[in-house]
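K.L.:
My questions will all concern the structure given below.
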């Protein structure tokens, strides 16, 4: 049994970690912190947790964090980069769900997040926690940066094509649709029911913080830089991301539908949490609600020589907390699927 | 390990049974039937199940049903009453999620369902599967009638008051709000997204089939007939029932808030799936989405001498398939909570 | 043509006033104020208004308000009571959508709103703007207090029964379901999409500010005090209120369905914005979305001697801004239905 | 005053025509037909219409249709092509909201709709009713084919770029998101609340009937064929289409953001129902709910030399019935905006 702590567990990724960790006999939840809620019962904040977790929120600097084997940061950016070093020194392994350690180019990070990075030396050490790419590095990591929700879907969707060298990588397009929980649990007018319900809109067209993260991952696969047009959309649903990806086939390369299907099935044959849909099926976000699965379909449009990939995930699970637990499982030698074989809640 | 079959698993209670049973190592899903889908893979119908259940739908008269230890009927009414006898004779225990065996007064059943009952002898034998009332009978039952979704919430909400003799039972009021999944998965205009979304309405004011079922249960607790005004409402959400119950305190009886709180906490102290909220908290249906919990709160309005009870459940879980599995656990000597300690999916 | 001003037009009742007033050739929108948005174009805040209203938000103390014939307050409580006197003295008629002048018992108001009333002399003068009760007083009023959203539905629903003396008025029950827009447009966690979507809950069971307002109106009709149990519910939809009302028929009084239908049809025969549904029809909130109509149905349950009334309205129209415009029409001698004959948006 | 008839008014485009036409003093609704509902009051089918339209559904072959000046077909495809000729001969002008006369290449139409066209001679005569392109032809037309919902948004979005010759037109991409009302009001499982709520998915990736219609329009503007990848998505909302369009700038052509903004503003300067958002604003479908407006924004991504256009419309208004009325206004010499200056319902 390992001991786990969660820093900042009052948001949606926090309660999702609790949902996934509470039933596990092999993980003891030792401490859950929250600046605003300290001293209050976790069950008062999250009634679904009552009877499953009996803890009270601790202060963010709780010494119990150092008694943990692993600490999750379910915080806004800048918190983990401030606190991670001390925990690592105390021998605690850290899994950060925020953006602090995702971008290896510190200057690039600083330009997107408009603040100085306070732990640049840890950026070097941090492992990008996408198991489908970095499984071996994760196993040995002290510090894991869990990928963002959009980057998980977009990378898993594009990787087989890019690794196979099939696409004209200077003009990738990712049209992504996210549920409102992606915006977190903060009192902001824009995310009120009456502002987001029964309506869809694009946002961040001129730039979104997940853009450099996606490009970083795809460039590594491409062994060279990529050009990406990324347009996220706010969709009237609580959970889920659907990324619709468009890639132009390289001049002179011939592809067909069957070959693409095989490419995807082969690439993800051993991946427990990536599903390639049979030909003719397209994923809906409801197919993966509450599950750690990313569900993919690939199509080819010969007229326009365009490959269309659909990638559906639950942004709070495979796009955040589920992936964090998957990383933990790998790091601590648990079965990778432990506690994550939850069937999606449908309908 | 026991062997289980499901008849008619193409609706929402069917897929919910699959979600709850698929992960269990102690239950083998042997056969799943469907008239229209026979020969088709279950995963094609329910993509969330792919990788968890590998079965193909069988014909409704599949001989494999007789090899089961337990068969669930997740069918419209009239199916179970036709098929149950043969299975029972073959030694199979039957858990019926439909209405066929819920009402002990066969004539009353026939008047509400407008058809002759084909197995009146089994009605006598059937045990009404509300564990909070009938746990011991369920343990020995060959045939269990799983309560309806509304009846579960309304009975669990009213029972402590009625058992304690506090209410004027001739004028109970139950104002119940249900998500659209209560209507099942059938191609009917009334339940289209555009007909039910962003709108609430009452229905069945002049009579609803759950009315006699609720009255039967409350009358037993009351040791005498009850009068109930029951108004169900169709609410723009997929899952969940919230029952708001109003009861007038008997003349000459004095109650107060603290006493009511204690009454409820005491009544349900040992019930794993009934939660009494602490004073000041009120249940929302989201608190129990996907879980087998019924969440209760009780309030007193001294000005009008009215007790107000709120009961929230997931209509597909505690209101149907979860309760069916709870019954199965009791019948077969499993831990009653086995496979049902799912944390609600919040948000 | 009259000149109109709106104080505090950045919320949902504000934009709804704009929607209803902008197309009118007989009403000139002279000034729209907002403390936070002053200097900003109204169309930037409300894109639906672009091209219909070209104004910029003014400061709340804009002198142009005194040049208006009528000023609407679409503000939280306490604003109108501070500012109304000065406008009235300047000859401006005031229509207040807030609660400041709804309750004639100032001490009662102060106990519910936890603040001193700053214009108690105006409370006496103010006319409660429910045209179906106070049409003649409204015609001559300088100051109108527009009823709350719940009070409009509950009063219109109960009035015929109470005026006819049919009910045991000490134990009325109003179970009301409101869309989220009733909470206004404020950055509060509780009303985020992910907190309110796909879930229903009761709130304010121990007391809601609309309770004294409803009781005041029903007591007047009853010529004596009434007892009311009022339970509001937050429903996952943007607009709409459905009030389900339960009344016990007085001992010794005989009623039947046909008589109740006639009672309602007669009471509202000349009311342009109250619709009594034909027997067998029940109102849904979608039937009145965007319209100024309150749609009613009445049923009788002989077993429990209980009358059940359903009242549906759009909380932002008949429950707020539409009713405000209806009052304006009456006050200024326009056709009462002018600009309000909008067909509901269905679906 | 003109006399109007509607064939097949039991669907969503039918009730939307009623909403827009009922308030008009210059249009008399003479006859509304429906095969299944004949003899039934229109208000029973559409409660929002009660008090606004007093008609009863007539049989589809009602002779009153020939007494109309204009007849709208709000029917599935194949109805108008059967019935239009006889009406035209009788001097009635026909506005068809279905697909029967949209595609000028009859063989292409037949391959997509899998049936023989029964009125190919009328296809030649029919005018494609997109006023922003064909206003003068519409004015004189006897027979107008109202564009489909997706084609309206996609064409209005792409036209300025294509007319200006800026794009590489062999690889246009349209990622379109539609509310569920686009599927019509039919009893089909796929469009139940519980199948479509809280989930988004793509469909028709391998081919959608609006594809040839869009290509036809864009090819005309391009004076040469175009290549289009079109991926429609089913979005959990009742109304609205958002089309996100991606176009690659032609090699050697330099564009910038300001120039694109001017291009759009100039192209649509005189269009009453096309709005170009100011720089920095992006349209949401809620901005146009219930209105006849198509709201556009254009952005440029220099890194990928990609132009991104967002086009939002209400699929039932500018995407169907509103556009039909706009056509009627043009055909009969009414002010083009008559009855269509409805402010969107927000929130």
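K.L.:
When you go through (1) more than 10 Å from chain C (Cβ to nearest Cβ); (2) buried (at least 24 other Cβ atoms within 10 Å of the Cβ); (3) out of contact with any helix residue (DSSP H, G or I) (no Cβ under 6 Å at 6 or more places or on another chain) one by one for residue B:277, which number turns out not to apply?
P.N.:
(2)
K.L.:
Next question. Answer with yes or no whether residue B:266 is in contact with a strand residue (DSSP E or B) (Cβ under 6 Å, 6 or more places away or on another chain) and surrounded by fewer than 24 Cβ atoms within 10 Å (Cβ to Cβ). Write out each step before concluding.
P.N.:
Working: in contact with a strand residue (DSSP E or B) (Cβ under 6 Å, 6 or more places away or on another chain): no; surrounded by fewer than 24 Cβ atoms within 10 Å (Cβ to Cβ): yes.
When the stated conditions are applied, residue B:266 does not pass them.
K.L.:
If you check residue B:173 against the conditions, is it more than 15 Å from the chain's Cα centre (by Cα) and part of a strand (DSSP E or B)? Even if it seems obvious, please write down each step before you answer.
P.N.:
Working: more than 15 Å from the chain's Cα centre (by Cα): yes; part of a strand (DSSP E or B): yes.
In short, yes.
K.L.:
Ok, one more. Looking only at the stretch A:275-286, count how many residues are in contact (Cβ under 8 Å) with a residue 40 or more places away in the chain and closer than 20 Å to residue B:41 by Cβ.
P.N.:
Step one: list which residues in the stretch A:275-286 are in contact (Cβ under 8 Å) with a residue 40 or more places away in the chain, which gives A:283-286.
With closer than 20 Å to residue B:41 by Cβ added as a condition, the list becomes A:283-284, A:286.
So the answer is 3.
K.L.:
Looking at the stretch D:335-347, I want the residues that are more than 7 Å from chain C (Cβ to nearest Cβ) and have a partner that is at pLDDT below 95 and buried (at least 21 other Cβ atoms within 10 Å of the Cβ) with Cβ atoms under 9 Å, at least 6 apart or on another chain. Which pairs are those?
P.N.:
From residues that are more than 7 Å from chain C (Cβ to nearest Cβ), the pairs are D:342/C:342.
K.L.:
Something else: I'd like to know if the stretch C:124-134 contains one or more residues that are touching a residue at least 24 places away in the same chain (Cβ under 8 Å) and over 19 Å from residue C:331 (Cα atoms). Don't jump to the end; show me each part of the working.
P.N.:
We begin by selecting, within the stretch C:124-134, every residue touching a residue at least 24 places away in the same chain (Cβ under 8 Å); these are C:126, C:128-133.
Narrowing the set further to residues that are over 19 Å from residue C:331 (Cα atoms) leaves none.
Scanning the stretch C:124-134 turns up no residue that is touching a residue at least 24 places away in the same chain (Cβ under 8 Å) and over 19 Å from residue C:331 (Cα atoms).
K.L.:
Given D:261, D:248, D:257, which one is on the phi < 0 side of the Ramachandran plot, surrounded by fewer than 20 Cβ atoms within 10 Å (Cβ to Cβ) and at the interface with chain A (Cβ under 10 Å from one of its Cβ atoms)? Walk me through how you get there before you give the answer.
P.N.:
Working: D:261 fails: at the interface with chain A (Cβ under 10 Å from one of its Cβ atoms); D:248 fails: surrounded by fewer than 20 Cβ atoms within 10 Å (Cβ to Cβ).
Only one candidate qualifies: D:257.
K.L.:
Looking only at the stretch C:219-240, filter to residues that are touching a helix residue (DSSP H, G or I) at 6+ places or on another chain (Cβ under 8 Å), within 13 Å of another protein chain (Cβ to nearest Cβ) and under 25 Å from residue B:247 (Cβ atoms); which one of those is surrounded by the fewest Cβ atoms within 10 Å (Cβ to Cβ)?
P.N.:
Taking the candidates together, the pick is C:225.
K.L.:
For the stretch D:313-328, does any single residue satisfy the condition of being within 13 Å of another protein chain (Cβ to nearest Cβ) and part of a strand (DSSP E or B)?
P.N.:
yes
K.L.:
May I pose another question? Any residue at all in the stretch A:108-127 that is over 18 Å from the mean Cα position of the chain (by Cα) and crowded, with 23+ Cβ neighbours inside 10 Å?
P.N.:
no
K.L.:
Of the residues C:40, C:93, which single one is more than 24 Å from residue C:119 (Cα to Cα) and touching a strand residue (DSSP E or B) at 6+ places or on another chain (Cβ under 9 Å)? It would help to see each step written out before you state the result.
P.N.:
Values: C:93 fails: more than 24 Å from residue C:119 (Cα to Cα).
Exactly one of C:40, C:93 is more than 24 Å from residue C:119 (Cα to Cα) and touching a strand residue (DSSP E or B) at 6+ places or on another chain (Cβ under 9 Å), namely C:40.
K.L.:
Here's something else I'd like to know. Filter the stretch A:226-255 down to residues that are free of Cβ contacts under 8 Å to residues at least 60 places away in the same chain, in a loop (DSSP other than H, G, I, E, B) and within 28 Å of residue A:302 (Cβ to Cβ), then give me how many there are.
P.N.:
3
K.L.:
Looking at the structure I just gave you, is residue C:104 at negative phi and more than 20 Å from the chain's Cα centre (by Cα)? Even if it seems obvious, please write down each step before you answer.
P.N.:
Values: at negative phi: yes; more than 20 Å from the chain's Cα centre (by Cα): no.
No: the conditions fail for residue C:104.
K.L.:
From the list A:305, A:335, A:281, A:341, which residue is at pLDDT below 95 and more than 16 Å from the chain's Cα centre (by Cα)? Even if it seems obvious, please write down each step before you answer.
P.N.:
Numbers: A:305 fails: at pLDDT below 95; A:335 fails: at pLDDT below 95; A:281 fails: at pLDDT below 95.
Sole residue among the options that is at pLDDT below 95 and more than 16 Å from the chain's Cα centre (by Cα): A:341.
K.L.:
I'd like the full set of residues that are more than 7 Å from chain C (Cβ to nearest Cβ), buried (at least 21 other Cβ atoms within 10 Å of the Cβ), over 30 Å from residue A:199 (Cα atoms) and touching a strand residue (DSSP E or B) at 6+ places or on another chain (Cβ under 7 Å), limited to the stretch B:168-209.
P.N.:
B:172, B:174
K.L.:
Next up: Could you please find all residues in the stretch C:269-282 being part of a loop (DSSP other than H, G, I, E, B) and in contact with a strand residue (DSSP E or B) (Cβ under 7 Å, 6 or more places away or on another chain)?
P.N.:
Within the stretch C:269-282, the first condition is being part of a loop (DSSP other than H, G, I, E, B), and the residues that meet it are C:269-273, C:277-282.
Selection gives C:273, C:277, C:281, C:282.
K.L.:
Continuing with this model, one more query. Against the definition (part of a strand (DSSP E or B) and either within 14 Å of chain C (Cβ to nearest Cβ) or within 15 Å of residue C:201 (Cβ to Cβ) (or both)), how does residue B:296 come out, yes or no? Quick ask: steps written out before the conclusion?
P.N.:
Working: part of a strand (DSSP E or B): yes; either within 14 Å of chain C (Cβ to nearest Cβ) or within 15 Å of residue C:201 (Cβ to Cβ) (or both): yes.
Yes.
K.L.:
Among the numbered criteria (1) surrounded by fewer than 23 Cβ atoms within 10 Å (Cβ to Cβ); (2) touching a helix residue (DSSP H, G or I) at 6+ places or on another chain (Cβ under 8 Å); (3) under 20 Å from residue B:51 (Cβ atoms), which single criterion is violated by residue A:331?
P.N.:
(3) is the only condition that residue A:331 fails.
The values are calculated or read from the model by the stated rules, or taken from the named source; none is laboratory data. Keep in mind the model is a prediction, meaning the values are calculated, not measured. We place every Cβ from the backbone using ideal geometry, glycine too, and count neighbours over all the protein chains shown.
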